[in-house]
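Undergrad: The structure's right below; bear with me while I get my questions together.
Each reported figure results from applying straightforward, stated rules to the coordinates on display, with no laboratory input. Just so we're clear, the structure is a prediction, and the values are computed from it rather than from any experiment.
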């Protein structure tokens, strides 16, 4: 069974890499990192081994809202995407 309470899933994200993998799975609508993404009639169902239930994003509006909430919590600076934040952190880690 899939649920739609975004905060349940957002609170289980442990770090920027986790947020980035989830962001990419949703944006690309495919499996990414340790997230599995299935599309069915415009709905996305996201699952992960560390989540007890699946996340249901029922339409484009829900997808946009979830990605926006994810970015608010995990982007390094306002206006910076999760992808750019992740790339920045990775570059700093290599230095």
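Undergrad: Taking the Cα atoms only, what angle lies between the long axis of helix 82-94 and the longest principal axis of the chain, rounded to 10 degrees?
TA: 40
Undergrad: Here's another thing I want to ask about it. Pull up the DSSP beta bridges for the chain and report the antiparallel fraction as a percent, rounded to 5.
TA: Given both bridge residues lie in the chain, the antiparallel proportion sits at roughly 85 percent.
Undergrad: Just from its helices, what would the mean residue ellipticity at 222 nm be for the chain, if runs of 4 or more DSSP H residues each count -39500 (n - 2.57) and the sum is divided by every residue, rounded to the nearest 500 deg cm²/dmol?
TA: -15000 deg cm²/dmol
Undergrad: On to the next question. Pick from 12, 41, 68: which is most flexible by mean-square fluctuation in a GNM of the chain where alpha carbon atoms under 10 Å apart are linked?
TA: For the chain, modelled as a Gaussian network with Cα springs under 10 Å, the answer is 41.
Undergrad: Where the centroid of each part is defined by its Cα atoms, how far is segment 1-39 from segment 56-90 in Å?
TA: 11
Undergrad: Relative to the present Cα-Cα distance, how much length would full extension add between residue 29 and residue 72 at 0.36 nm per residue of separation?
TA: 13.4 nm
Undergrad: Also, quick follow-up: What percent does the relative contact order of the chain come to when contacts are Cα pairs within less than 8 Å and at least six residues apart?
TA: Once normalised by length, the contact order is 26 percent.
Undergrad: Moving on. For the chain, compute the orientation-averaged projected area of the C-alpha convex hull (one quarter of its surface), in nm².
TA: Seen from a random direction, the Cα hull of the chain projects 6.0 nm² on average.
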